[in-house]
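Okay, so here's the structure we're looking at.
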Amino acid sequence: FSPPGKSISGCCFGQTLKADEEPSRELTLEEALEIAIQLQQDDRLAEADAVYSQILAAAPDHPRALHYAGVARETCAVRDGSNGATVGRREPQRAELMKQLMAAGFSPALTRQLLDRLPADLDAPRALKWLQAAIVKNLKVAAPVDDLIDRGGVYALVGPTGVGKTTTVAKLAARAVLKHGTGKVAMITTDSYRIGAQDQLRIYGRILGAPVFAVRDESDLELTLLDLQGKHLVFIDTIGMSQKDRRVGEQTEMLSGQNQGVQRLLLLGAPAQGITLEEVVRAYNGPGLAGCILTKIDEAQTYGPALDVMIRHQLQVHYVTNGQRVPEDMHLANARYLIDRAFRSGTAGTAFQPEDDDYPVLAAAAEARGTRPDDNFAVQGAYGAAA
């Protein structure tokens, strides 16, 4: 194999080429990877593993190759044992670390990337500390000096129904009023569907002494923002929509219109399942997404799924919320606190905690049907270097 972007000889894969192809045809790295994936899908795991080995020899940090090679090897390991415990018997420390990561709610995709980069010379306690430090390093958290309350601007809070957008707008506005005064803050609502939504925000506005405006469409929003140019901070409360709703794209277009300068903050509910959060991020991603706010952490058994999605999609976390009080129950995000809480909680002691022998099977099955890795993301080591 040659480095990515160059051609490679395909003669060693002659058996995988179609009859009308020349055995000596040169393959790119990506073409070889697609061949390996097809072999894997055809259940020809030994052949797929041989191809993955050559790909990784040329590009050791290739995210997709690492992911699919891991799935293939885990599947082979599981099949080698009659009860699915082969990995645990052969690599007990790796199995125990996998157990702790998955019990904390982290996905098999991220778990494998972390374990594949774990230094081999660490004992169990140091290995766990390395993993926690690596997760902290990869979780993008807004620094106190980058607090959006100080920076100012126009922020639209977006996300599915029920994640706490209206209350979070009020919390942000209260913080802004306390720091900059009532004359520098305004709120806008675009929610004309939910009964009482505008009245709820207006009540908050009267309490805070900050004006609240209601808009119906993009032109109305543009005119309102022109009138509010002298404000240090403007917060927009948007209608909650399911990630499967086609109007999500229309909402994104409205908020990212020309010359409006609106930055979107995605609210992610900590109690939600990982696959749901994955769909939400994919649906709401796009122009003007400035990061996210993690809400309702007081209602979540574990933060692992939310942290996992934030890490893999490289979303910057600005705040976390943990209750209904305005503005007390909102805090600047702290990566070490969130990771520590993720490992302290989890599924331990519940009906959702797998037995030890279940983890290799669950990891292989979940990765085979789960999230495809982001080609632009690779886990960094505990000290920041790509491990």
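Details
- If you plug the beta carbon distance of ASN285 and LEU56 into 1/(1 + (r/R0)^6) with R0 = 41 Å, you get a FRET efficiency near 0.90.
- Overall shape: oblate for the stretch 122-166, with the ratio a/c of the largest to smallest alpha carbon gyration tensor axis at 1.5 or above and b/c at least equal to a/b.
- Label-reachable residues, the stretch 133-162, where backbone N falls under 19 Å from a point 7 Å from GLN229's Cα toward its Cβ: 152-155
- Cα-based shape type of the stretch 121-238, given that a ≥ b ≥ c are square roots of the gyration tensor eigenvalues and the cut on a/c is 1.5: prolate
- Label-to-label distance, nm, for residues given as SER345 and ASP150 (7 Å Cα→Cβ offset): 2.9
- Greater than 30 Å apart at Cα, pairs in LYS129/LYS244; LYS99/LYS244; LYS137/LYS184; LYS137/LYS296; LYS140/LYS296: LYS129/LYS244; LYS99/LYS244; LYS137/LYS184
- In this structure, ARG94 and GLN273 have a Cβ-Cβ separation that, at R0 = 22 Å, corresponds to a calculated FRET efficiency of about 0.30.
- The length gained on full extension between GLU328 and ASP116, counted as 0.36 nm times the residue separation minus their Cα-Cα distance, comes to 72.2 nm.
- Taking the stretch 97-241 and dividing mean pair separation by its residue count, relative contact order in percent (alpha carbons under 8 Å, at least six apart): 29
- Classified by the C-alpha gyration tensor, the stretch 143-209 has an oblate form. Its axis ratio a/c, with a ≥ b ≥ c, is 1.5 or above, and a/b does not exceed b/c.
- Straightening the chain between ASP217 and ALA124 buys 27.8 nm, computed as 0.36 nm per residue apart minus the Cα-Cα spacing.
- Net charge of the neighbourhood of PRO271, taken over other residues with C-beta under 11 Å away and scored Lys/Arg +1, Asp/Glu -1, is -1.
- Ranked list, fewest to most other Cβ atoms within 10 Å of each Cβ, for SER107, SER242: SER242, SER107
- Set of lysines near LYS179 by C-alpha distance (under 23 Å), chain-local residues within fewer than 8 positions excluded: LYS165, LYS171, LYS231
- Footprinting exposure proxy for ASP150, ASP199 (fewest neighbouring C-beta atoms within 10 Å first): ASP199, ASP150
Laboratory data are not the source of any read-out in this text; all were calculated from the coordinates shown. Since the structure is predicted, the reported quantities are computational estimates derived from the model, not experimental observations. Neighbour counts run over all protein chains shown; Cβ positions are idealised from the backbone, glycine included.
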